[in-house]
Amino acid sequence: MSKGVLFIISGPSGTGKGTVCEQLLKEDNIFLSISATTRDKRAGEVEGVTYYYTTEEIFKSMIENGEMLEHAVYSGNYYGTPKKAVEDMLSNGKNVILEIEAQGALKVKALMPEAIMIFLVPPSIEELRNRLKQRGRESIEEIERRIEAAKWEFSQSPKYNYVVVNNQLETCVSDVLNIIKKENERQEMIERLLSEI
Ligand code: 5GP
């Protein structure tokens, strides 16, 4: 069986990473890594589906025990990717998606250079600001902080394998699915060539 491919989907807050990933999960061979976080559960979120909600103490002990593939502090809360679930899914030949912020994305790429990094960007900053406002989760000051943070995130874009614009959801999802298909074909071709040597 081919080893699975790890895809990292990242991009500034408000770009629509969550919505895009929800659509990707409708496909048979695409699985999402469930992160752990110390932030409070929001209405509609489900333990073990949206996140594993935990305390700072437990989160820090997971880091010390080497259970996290990566972690980052974002808006005052810890977020991290539990390592074992990702490794298990990859060895079972699955396509695994990490939907994480940019610091974590770069850490995973350094550890696993074979991971495919996809950077989602909004069509414009005005649209990004509108989406953050419509979502209604952050104050105006927090929205401006997130837009300011996007400056650094955009500067990291050369480190990504692909940049995809999320202008229209369906088109964006289809662009990402094409990338996943292409990368799977590439992996299969290399494995076949290696097996022929
Ligand atoms: P939210 O609190 O809105 O669910 O997530 C805040 C940010 O944390 C988002 O950019 C999300 O992609 C990112 N995030 C979620 N899980 C992880 C994780 O495991 N590691 C890292 N580095 N970022 C994460």
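The values are calculated or read from the model by the stated rules, or taken from the named source; none is laboratory data. For clarity, every value in this text was computed on a predicted model and none was experimentally measured. Here the Cβ positions follow ideal geometry from the backbone for every residue, glycine too, while neighbour counts run over all protein chains shown. With ligands, DNA and RNA removed, areas are computed over all heavy atoms of the protein, side chains included. Shrake-Rupley method; radii C 1.70, N 1.55, O 1.52, S 1.80 Å.
Observations, loosely collected:
- Multiplying each eigenvalue of the alpha-carbon gyration tensor of the stretch 156-197 by 5 and taking the square root yields semi-axes of 28, 14, 4 Å, largest first, rounded to whole angstroms.
- Fluctuation leader among V176, V96, V49 - the chain, Gaussian network, Cα springs under 10 angstrom: V49
- Reported to the nearest whole Å, the Cα centre-to-centre distance from the stretch 102-159 to the stretch 21-60 is 19.
- Within the chain, percent of DSSP bridges classed antiparallel, to nearest 5: 30 percent
- Share of alpha-carbon pairs per 5 Å distance bin for the stretch 1-54, given as whole %: 4, 15, 21, 26, 21, 8, 3, 1
- Label point at A85 placed 7 Å out along Cα→Cβ; residues across the stretch 7-38 whose backbone nitrogen lies under 14 Å: 31-38
- Listed peptides 10-19, 112-121 by packing density, highest first (mean Cβ within 10 Å): 10-19, 112-121
- For K107, the lysines whose Cα comes closer than 23 Å to its Cα, not counting residues fewer than 8 places off in the same chain, are K3, K17, K60, K83, K84, K94, K151, K159.
- Surface accessible to a 1.4 Å probe, S75 within the full protein complex, Å²: 70 Å²
- Total formal charge among the other residues, if their Cβ is under 10 angstrom from that of I100, Lys/Arg +1 and Asp/Glu -1: -1
- Principal-axis analysis of the Cα atoms of the chain puts helix 102-111 at an angle of about 20° to the longest axis.
- Both the radius of gyration and Dmax for the chain are 17.1, 59 Å, in that order, over alpha-carbon atoms.
- Counting only alpha carbon atoms, the long axis of helix 125-135 and the longest principal axis of the chain meet at about 80°.
- Our helix-only sum for the chain, with -39,500 (n - 2.57) per DSSP H run of n ≥ 4 divided by its residues, gives a mean residue ellipticity at 222 nm of -14500 deg cm²/dmol.
- Isotropically averaged projected area of the stretch 22-85, using the convex hull of Cα atoms (one quarter of hull area), nm²: 5.0 nm²
- Only protein heavy atoms count here; on that basis, with a 1.4 Å probe, S174 has an accessible area of about 50 Å².
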